[in-house]
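**Q** Just dropping this structure here.
The values are calculated or read from the model by the stated rules, or taken from the named source; none is laboratory data. No experiment lies behind these values; they were computed from the predicted model shown. Here the Cβ positions follow ideal geometry from the backbone for every residue, glycine too, while neighbour counts run over all protein chains shown. Note: accessible area is taken over every heavy atom of the protein model, side chains too, but ligands, DNA and RNA are not part of it. Shrake-Rupley method; radii C 1.70, N 1.55, O 1.52, S 1.80 Å.
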Amino acid sequence: MLNLPSKDPRSHLGRFGVGGAMVVLIAVVLLLNSVFVVSPSEEAGTRWMGGTPMTSAPLTTGVHFKVPFFETVDRLQTSRSIYTLNGLDVYTNDNQKVTIDVSLIYQIPNSAVMNLLYHVGRAGAVDIEATILPVVRDRALAAFAQYNTLTISDQRAQITCTWLLPHPSNH
């Protein structure tokens, strides 16, 4: 009669046993937590233990490495984004309330990524829209305050151009 190996599942662990399986599992977890990919539509930075930024320039598209569990990756979308603000109340120069909807198409330049990730608002890309909101409100209030309620429809193109110019408070 032919002697076949045992079909007992514990026999596959062989000489390494449960300890060897745990070592392999830990190695796989460490490897998976040390590699990250930055997509073409974003840039990233890393922080040490959630605090100190570890990168001085944004990380661009590709595969990058980090220290598992100690470094945090913060990503920021740098491709064109749309921000929509519905129901914003603004006032004209004749003190009439006008409710507008604003859609803003924006793109974050490479030179602003690190500043937005670590110096504006909370660390990371968690409150970019909250940073944009006051600027959009300010520009809308300033733009509509220059016009009379009766002429807003006729001067729509001029109002749009007002938004594109640098605001006097930014100088």
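**Q** Which whole-number value in Å² is the accessible area per residue of segment 70-144, probe 1.4 Å?
**A** Heavy-atom SASA per residue in segment 70-144 reads 57 Å².
**Q** Another question, then. Ranked highest first by the average count of other Cβ atoms within 10 Å around their residues, in what order do 136-143, 29-36 fall?
**A** With the highest mean Cβ count within 10 Å placed first, the list reads 136-143, 29-36.
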